[in-house]
1. Under 1.5 on a/c is rounded, so check that first for the chain, then, if it is not, pick prolate when a/b is larger than b/c and oblate when it is not; a ≥ b ≥ c are the square roots of the alpha carbon gyration tensor eigenvalues.
2. Relative contact order for the chain using alpha-carbon pairs under 8 Å, separation at least 6, rounded to a whole percent?
3. Relative to the Cα centre, what is the charge dipole magnitude of the range 5-105, using +1 at the beta carbon of each Lys and Arg, -1 at the beta carbon of each Asp and Glu, and rounding to the nearest 20 debye?
4. Is the shape of the range 49-114 rounded, prolate or oblate, going by the alpha carbon gyration tensor and its root eigenvalues a ≥ b ≥ c, with a/c under 1.5 for rounded and a/b larger than b/c for prolate?
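What follows is calculated from the coordinates using simple rules that are stated; it is not laboratory data. Fair warning: this is a prediction, and the values are worked out from it, not measured in the lab. Note that each Cβ is placed from the backbone with ideal geometry, even for glycine, and that neighbours are counted across all protein chains shown.
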Amino acid sequence: MSDCLFCKIIAGEIPSKKVYEDELVYAFEDIAPTAPVHFLVIPKQHISKLSDVTEENSAVIAHIYEVIAKIAKENEAMKDGYRVVSNCGESAGQSVFHIHFHVLAGRPLTWPAG
Ligand code: 5GP
Ligand code: ZN
């Protein structure tokens with residue numbers, strides 16, 4: 001998707017601070033962090049949002065959760081717990097339409113989120 005911000009980040013056309021990368025996914029620091037740990041995990045394949053996940057493309061979503069667990073094991077600031085959030089649709093707060101999973105940690109996180 002040539003006009004997608006996160007596809008441009010994956011392509012290196014827009015700089016980002018890499019947290020993790022493999023053949024399927026890319027993880028990078030959020031530009032406006034809301035917690036001491038706040039990074040985004042995205043599939044390299046363009047999927048717009050959570051409601052576009054299907055039987056055909058869901059394997060990468062499972063892989064994203066494996067990657068998050070792996071990163072968490074190696075990050076001291078995530079040892080007491082972390083939150084994973086994917087906003088689906090504008091009403092839910094989604095502003096970038098390339099599916100992404102926020103990973104938040106490093107401070108007490110209240111629930112339910114506002
Ligand atoms: P959403 O609002 O769609 O759930 O989350 C989008 C996230 O992307 C926001 O937390 C926002 O700070 C982050 N973001 C937006 N533009 C950029 C960018 O150019 N670089 C990085 N690293 N993060 C971005
Ligand atoms: Zn994209």
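1. Here the chain falls in the rounded category.
2. Working: 159 pairs, mean separation 33.8, N = 114.
Across the chain, relative contact order equals 30 percent.
3. Result for the range 5-105 is approximately 220 debye, rounded to the nearest 20.
4. Numbers: a/c = 2.80, a/b = 1.28, b/c = 2.18.
Here the range 49-114 falls in the oblate category.
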